Ligand code: HGY
Ligand code: MN
Ligand code: MN
């Protein structure tokens with residue numbers, strides 16, 4: 001039977017996969033990420049849940065309901081990490097989902113709907129530059145063939161990476177052809193400071209910020225650092241630097257918006273060579289589309305101005321645009337009822353972080369449960385959540401699954 005120790009032990013097992021000095025590096029279709037999917041499959045088999053996977057690698061562990069034919073409630077998160085990932089981001093929602101199903105099984109808690117614990121692939125977009133890759137394909141936002149054709153930083157397509165023996169699909173696990181789902185719940189660490197500052201251990205997400213991922217390529221003229229006069233330069237890095245600071249300025253003028261340039265490639269990257277080309281990433285987030293539009297507009301205006309003044313060309317490619325995703329009121333209310341029944345306070349809070357719930361939220365009723373992140377830190381090796389909060393979140397998820405099952409029944413959604 002699953003209990004808090006089980007959750008903690010499983011998180012510890014996952015935290016070994018991809019561990020190195022600066023945290024966890026578990027990109028999609030790497031041997032360590034495939035090992036994480038293998039672990040999940042082993043837990044599901046041991047619990048007697050039916051396993052399936054799909055063409056991009058998502059893995060589903062199904063506990064049957066009492067009313068065959070009803071679409072399943074899905075609950076899960078992702079097993080991949082950013083390059084300096086922590087032990088909780090994503091992994092907690094996957095471990096929490098399978099442990100919650102084991103709790104229901106052990107307590108003989110029947111649900112009308114089948115419930116499936118899900119390990120979504122490629123949520124971080126840290127290897128293949130499409131965030132929420134697996135859940136986007138499942139939700140029909142992206143086509144599987146298009147996702148499989150995406151080429152990662154190492155020049156390998158997802159299709160080829162999944163065809164490799166050590167990073168690929170799970171052997172012997174049948175394919176899931178349908179995309180049936182009645183509702184979706186995701187348990188996740190908050191990755192921010194709200195719950196800790198409020199002194200509350202349960203968060204009910206109101207909405208997930210809209211987000212945009214773009215890439216800018218600045219092309220100037222490379223040359224000898226010692227001989228090209230300043231008046232003759234088309235220095236791609238100086239131009240890029242002005243653009244980065246303009247993005248930062250624009251984001252600070254929009255309430256609650258954030259903008260980040262996290263990756264930059266300088267070419268030819270030599271100490272005595274004027275940079276000829278710079279490529280950098282843009283990550284924009286805001287609670288509303290108008291703010292995102294304002295920031296993007298300010299950036300593009302700066303592109304026109306800097307290009308003219310510094311004699312460079314700038315190509316801006318937007319490869320991900322997601323509107324803000326409101327969570328479903330009826331499911332949020334169900335989670336609040338569960339917290340009250342547990343005698344625990346729960347607060348509403350937005351999510352600046354993106355989640356697979358953004359994908360599922362476009363097709364079915366969707367809600368998220370947060371537990372606090374110590375220091376609000378995430379995407380770093382120091383990411384931590386207190387054991388008591390880890391346990392509370394899984395208990396809340398188990399109860400919320402039963403409550404949502406009943407709620408869907410009343411609302412006639414199956
Ligand atoms: O970027 C995000 O917000 C998420 O961690 N993928
Ligand atoms: Mn993340
Ligand atoms: Mn995450």
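The values are calculated or read from the model by the stated rules, or taken from the named source; none is laboratory data. All of these numbers come straight from a predicted model, not from anything done at the bench. Every residue, glycine as well, gets a Cβ built from its backbone with ideal geometry; the counts of neighbours run over all protein chains shown.
Things worth noting here:
- Some residue of segment 99-106 being within 13 Å of ligand 1 (Cβ to nearest atom), surrounded by fewer than 20 Cβ atoms within 10 Å (Cβ to Cβ) and in the same structural domain as residue 384 (by TED's automatic domain parsing): no
- Hits in segment 103-140 - residues which are assigned to a helix (DSSP H, G or I) and within 16 Å of ligand 2 (Cβ to nearest atom): 133, 134, 135, 136
- Test: residue in segment 346-355 that is free of Cβ contacts under 8 Å to residues at least 12 places away in the same chain and over 16 Å from the mean Cα position of the chain (by Cα): no
- Considering segment 68-93, and only residues there that are more than 16 Å from ligand 1 (Cβ to nearest atom) and surrounded by 22 or more Cβ atoms within 10 Å (Cβ to Cβ), the residue that is nearest to the chain's Cα centre (by Cα) turns out to be 75.
- The residues in segment 277-308 that are touching a residue at least 40 places away in the same chain (Cβ under 8 Å), farther than 19 Å from residue 211 by Cβ and out of contact with any strand residue (DSSP E or B) (no Cβ under 6 Å at 6 or more places or on another chain) can be counted, and the count is 2.
- Just one of the listed residues (96, 167, 131) is within 15 Å of ligand 1 (Cβ to nearest atom), buried (at least 18 other Cβ atoms within 10 Å of the Cβ), assigned by TED's automatic domain parsing to the domain that holds residue 14 and touching a residue at least 24 places away in the same chain (Cβ under 8 Å), namely 131.
- Test: residue in segment 189-202 that is under 24 Å from residue 402 (Cβ atoms), part of a strand (DSSP E or B) and more than 19 Å from the chain's Cα centre (by Cα): yes
- Of the criteria (1) under 18 Å from the mean Cα position of the chain (by Cα); (2) away from ligand 1 (no atom under 16 Å from the Cβ); (3) within 19 Å of residue 86 (Cβ to Cβ), which one residue 390 fails: (1)
- Taken over segment 59-101, the criterion of being away from ligand 3 (no atom under 15 Å from the Cβ) and part of a loop (DSSP other than H, G, I, E, B) is satisfied by 64, 65, 66, 67, 68, 69, 70, 71, 72.
- Residues of segment 242-266 that are within 29 Å of residue 224 (Cα to Cα) and free of Cβ contacts under 8 Å to residues at least 24 places away in the same chain: 245, 261, 262, 263, 265.
- Criterion applied to 46, 55 was being more than 22 Å from residue 353 (Cβ to Cβ) and either in contact (Cβ under 8 Å) with a residue 12 or more places away in the chain or buried (at least 24 other Cβ atoms within 10 Å of the Cβ) (or both), and the one residue passing it is 55.
Yes/no per residue for (1) under 23 Å from residue 131 (Cβ atoms); (2) in a helix (DSSP H, G or I); (3) over 22 Å from the mean Cα position of the chain (by Cα):
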{"residue": "239", "(1), (2), (3)": "no, yes, yes"}
{"residue": "243", "(1), (2), (3)": "yes, yes, yes"}
{"residue": "248", "(1), (2), (3)": "yes, yes, yes"}
{"residue": "254", "(1), (2), (3)": "yes, no, yes"}
{"residue": "259", "(1), (2), (3)": "yes, no, no"}
{"residue": "262", "(1), (2), (3)": "yes, no, no"}
{"residue": "266", "(1), (2), (3)": "no, no, yes"}
{"residue": "280", "(1), (2), (3)": "yes, no, no"}
{"residue": "285", "(1), (2), (3)": "yes, no, no"}
